[in-house]
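Here is the structure we will look at, set down as structure tokens.
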Amino acid sequence: MKLAFSTLGVPGLPLSEVTALATAHGYHGVELRAHPEEPVHTGLGAEERADVAAAFKAAGLDILGVAGYARVAAPGDDEPVLAEVRALVDLARDVGAPYVRVFPGGGDEQSAEEADATAARRLGTAAEYAADRGVRILLETHDSHRTGADAMRVLGLVGHRQVGALWDVMHTWLGGEQPVDSFAALSPHLGYVQVKDIASAEDTTPVALGAGVLPLTDVVEVLSRNGWDGWLCWEYEARWYEAAEPLPSLLGAGREHVARLLNESA
């Protein structure tokens, strides 16, 4: 398995410093949070996008994915959501990222079945656009579709190889799903896995990998046992928790912790 970290953990940090951190601490790639607060977002021009791709290539790093905020199950008209997804797909293609992250975002004003159908319809429509650009759209286990079983209700309806799953291990755990069950549900569609650790179920402040309550050992064990050799991405939610310890000081120990888990599972 290869290891990346998300720029959500280093809000607004210039890309030159992001790549320096990744190479210094032995990471293979970076997930780029796509937001106007960040150096990379859908408003970048062609030359700026080319510069992003060149910077990572020069550093010998992969851009794992573009983490967007489109909510594919949200109530309302399809077109604004599809336009947002298409913009993210174009950005991913231009910077050389294979994946785009989207959220479910189903609202309380609709039933679960309606949210599933809305998400599946939009993802199915976006799939062909993504296929033409060599990008895969990943639905994250999050908010209204927190567990692997929830996400599979949508992905089963879509049935397109260009649409898959992003397993956020915190949300499936908070949803009461065991790692072995999350993997069983998501494995046919799994793009990559977001790992993290938190203080408790009631306090989701990010902490160093291995210092919290999430079942990371079990996650790595089930991935290894099933021969999965994709990406693990550390999503440290520093942007939402200003009191959290700065991620740069944790990156080295985090990589070592994951390496130990991988060795033990082997």
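Here are a few things to note about the model shown:
- Here Thr217 fits the description: over 27 Å from Gly156 (Cβ atoms), of a type in the set (S, T, N, Q) and in a helix (DSSP H, G or I).
- Qualifying residues in region 235-266 (those that are over 14 Å from Val220 (Cβ atoms) and charged (D, E, K, R)) - the one most open to solvent (accessible area, probe 1.4 Å): Glu242
- Conditions (1) of a type in the set (Val, Ile, Thr); (2) assigned to a strand (DSSP E or B); (3) surrounded by fewer than 22 Cβ atoms within 10 Å (Cβ to Cβ); number of the one not met by Val66: (3)
- No other residue among Val10, Val40, Val85 is of a type outside the set (Ser, Thr, Tyr), under 25 Å from Arg153 (Cα atoms) and under 17 Å from the mean Cα position of the chain (by Cα) apart from Val85.
- So Val89, is it over 20 Å from Lys196 (Cα atoms), crowded, with 22+ Cβ neighbours inside 10 Å and at pLDDT 95 or above: yes
- Leading residue by the ranking (farthest from Leu88 (Cα to Cα)) among those in region 128-156 that are part of a strand (DSSP E or B) and open to solvent by less than 10 Å² (accessible area, probe 1.4 Å): His145
- Residue in region 107-115 that is crowded, with 22+ Cβ neighbours inside 10 Å and either assigned to a helix (DSSP H, G or I) or of a type outside the set (Gly, Ala, Ser) (or both) present: yes
- Enumeration of residues in region 207-227 that are within 23 Å of Leu32 (Cα to Cα) and open to solvent by 30 Å² or more (accessible area, probe 1.4 Å): Val207, Ala208
The values are calculated or read from the model by the stated rules, or taken from the named source; none is laboratory data. It should be emphasised that the depicted structure is a prediction, and the values quoted were computed from it without experimental measurement. In this analysis, Cβ positions are derived from the backbone assuming ideal geometry, glycine residues included, and neighbour counts consider all displayed protein chains. Note: accessible area is taken over every heavy atom of the protein model, side chains too, but ligands, DNA and RNA are not part of it. Shrake-Rupley method; radii C 1.70, N 1.55, O 1.52, S 1.80 Å.
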